[in-house]
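The values are calculated or read from the model by the stated rules, or taken from the named source; none is laboratory data. Note that the structure is predicted; figures quoted are calculated from it, not measured. Here Cβ is always computed from backbone atoms with ideal geometry, including for glycine, and neighbour counts include all displayed protein chains. Heads up: the accessible areas ignore ligands, DNA and RNA and are worked out on the full protein's heavy atoms, side chains in. Shrake-Rupley method; radii C 1.70, N 1.55, O 1.52, S 1.80 Å.
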Amino acid sequence: MWRTRLWPLPTAGVIVAGLLGVGLPLVDAHLIGGLPGQVTVFLFSGGPEAARTVLSVIASSLITVTSLTFSLTVVTLQLASSQYSPRLLRTFAQDRFVHVTLALLLSTFTYAVTVLRTVRASLDDQSAFVPQLSVTVAYLLALTSVIGLVVFLAHLARQIRVESLLRSVHAEAKATMHRCTDAGGQPVSDVPATPATPATPATGTTLLRSGSSGFLTSVDEAALLRAAVDADAVVVVDRLPGDWLTAGTPVAVAWALRSGTAVLDREATTVLSECVAQAVQTGFERTAAQDIAFGLRQITDVVVKALSPGINDPTTAVHALGHAAALLCEVADRDLGPILLRDDSGTVRVVVRRPDFPALLDLALTQPRRYGATDPDVLERLFTLLREVAWTTRRAEHRVAVREQLRRLRAAAGLQNHDRVEGRRVEILAWSVQEALAGRWPTGDPVRPLTT
């Protein structure tokens with residue numbers, strides 16, 4: 001959560017700069033006349049007025065530069081929100097380079113102002129004092145800030161490109177998928193034992209309610225498992241990460257395991273209700289902590305935004321669909337079944353749902369198919385996405401999902417007013433998906449010659 005906040009690192013930098021601005025002049029006062037000439041030649045050598053001028057110029061210029069940096073950041077956020085997707089704002093908000101730059105600029109301003117108060121001229125009752133070391137440090141910080149501003153502008157120009165945004169989303173989504181799933185095996189939290197998911201009893205189950213409203217961001221699996229074992233119950237969390245929860249509505253179902261009846265007693269119900277309310281954590285924005293669908297949601301948003309009449313940028317849509325295809329291929333042979341948490345005897349105590357592969361495939365294809373079916377290039381990329389996924393996965397249930405999406409995509413394409421060449425192109429693309437499902441990859445490019 002803290003990674004998406006702009007204020008923690010700049011605030012820490014201001015505090016450190018303030019302390020340094022108080023402490024370093026004390027060191028200066030202690031070292032007056034005690035430094036060798038080889039060192040003092042590199043230190044500030046002006047008088048009190050010159051020191052005040054230098055520190056004042058640094059402070060005033062740095063606060064102006066900081067305002068400029070904040071303005072550029074806000075403009076970038078607005079552009080990303082309107083041009084690509086509001087959900088991409090997290091990519092900028094968690095950018096460490098932005099945090100460090102703002103911290104450097106604000107820290108330099110704070111340090112210069114703090115040191116300025118220690119410079120004094122010679123009066124009848126006091127001698128002049130110029131903290132040479134402190135003023136020199138302020139000068140070096142100002143130079144570093146100027147360099148940091150130049151590098152920040154270059155970084156900002158690179159980050160605002162859709163290629164950089166999609167790469168960041170792709171990397172985060174890939175990391176979440178690899179962290180939350182296991183390649184070709186059981187879910188990460190699963191222990192090899194009886195693989196079956198427990199069947200929900202027809203009667204006698206107890207509904208457990210959400211303790212707060214917001215997006216489901218994460219589930220404390222260890223706490224749920226302990227509570228289920230203590231209550232001798234089975235708990236099934238039937239809401240997915242990223243779903244919106246409303247306080248007081250059911251988020252899980254539980255039943256007794258060995259009491260001869262599925263009905264939980266009042267004490268067990270109270271304990272489980274309190275545990276679920278605390279273990280099922282919500283927030284007012286989706287995060288990638290346990291939400292393996294969030295990255296695909298962001299990429300799909302970019303596709304839909306690019307296909308909107310106000311933007312009309314099918315090239316960006318095609319580019320984003322390439323990232324969606326790569327993520328789907330990454331997860332195609334991973335186990336996306338529910339997470340099964342077992343006690344020491346191997347009995348399933350907690351079941352936590354998560355999106356399966358058909359749901360992820362539908363997320364990546366449904367809206368782009370709906371809004372991009374009239375564009376032949378977007379259609380081609382959607383067929384190609386299915387072909388790549390069909391070639392990658394070897395799981396029967398995943399291949400069934402690919403066939404269903406192929407059927408829907410062909411139906412959508414058939415409703416469009418495509419000419420003869422484009423219609424033939426769709427047929428060949430659909431055939432290439434079927435070939436990939438059969439384990440064959442057509443060589444050459446049979447589509448392009450038809451467009452000439």
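Of note:
- Normalised convex hull volume, the chain, alpha-carbon set, Å³ per residue: 236 Å³
- Taking 0.36 nm per residue of sequence separation and removing the Cα-Cα distance, the Leu79/Arg209 pair yields an extension gain of 42.9 nm.
- Carbon/sulfur fraction of accessible area - the range 204-343, other protein chains in place, 1.4 Å, %: 52 percent
- Percent antiparallel among DSSP beta bridges (both partners in the chain, rounded to 5): 90 percent
- Exposure of Thr64 as accessible area (Å², to 10), given a probe of 1.4 Å and all protein chains: 90 Å²
- Estimated vicinal HN-Hα couplings, Hz - the range 398-403 in sequence order (Karplus 6.51, -1.76, 1.60; Gly, Pro = x): 6, 5, 4, 5, 5, 4
- Heavy-atom accessible area per residue - the chain, 1.4 Å, Å²: 48 Å²
- In Hz, Karplus ³J(HN,Hα) per residue of the range 73-90 (6.51, -1.76, 1.60; θ = phi - 60°; x = Gly, Pro): 5, 5, 4, 4, 4, 5, 5, 4, 5, 7, 8, 10, 5, x, 6, 7, 4, 4
- Placing unit charges on the Cβ atoms of the charged side chains and taking the dipole of the chain about its Cα centre, the candidate lying farthest along the positive direction among Ser61, Ala256, Phe44 is Ser61.
- Electrostatic dipole magnitude of the chain [Cβ: Lys, Arg +1; Asp, Glu -1; Cα centre; debye, to 20]: 900 debye
- When only the Cβ of Lys, Arg, Asp and Glu is charged (+1, +1, -1, -1), the dipole of the range 341-407 relative to its Cα centre reaches about 160 debye.
- Cut-off 12 Å between beta-carbons: net charge of the residues surrounding Gln159, Lys and Arg +1, Asp and Glu -1: +2
- For the chain, the relative contact order comes to 14 percent (Cα pairs under 8 Å, sequence separation of at least 6).
- Using θ = phi - 60° and Karplus 6.51 cos²θ - 1.76 cosθ + 1.60, couplings along the range 221-229 (whole Hz; Gly, Pro as x): 5, 5, 5, 5, 5, 4, 5, 5, 5
- Spacing of the modelled spin labels on Phe70 and Thr200, each 7 Å from Cα toward Cβ, amounts to 5.0 nm.
- Between Ala222 and Thr270, the FRET efficiency from the beta-carbon distance, with R0 = 25 Å, is close to 0.80.
- Signed unit charges on C-beta, dipole axis of the chain, positive-most listed residue Gly21, Leu6, Ala222: Leu6
- Span from the the range 8-84 Cα centroid across to the the range 378-441 one, whole angstrom: 59 Å
- Between Glu49 and Val16, the FRET efficiency from the beta-carbon distance, with R0 = 30 Å, is close to 0.55.
- Which of Phe129, Thr114, Thr206, positive extreme of dipole for the chain (C-beta unit charges): Thr206
- Placing +1 on the Cβ of every Lys and Arg and -1 on the Cβ of every Asp and Glu, with nothing else charged, gives the range 82-130 a dipole about its Cα centre of roughly 400 debye.
- Counting only alpha carbon atoms, the long axis of helix 132-159 and the longest principal axis of the chain meet at about 30°.
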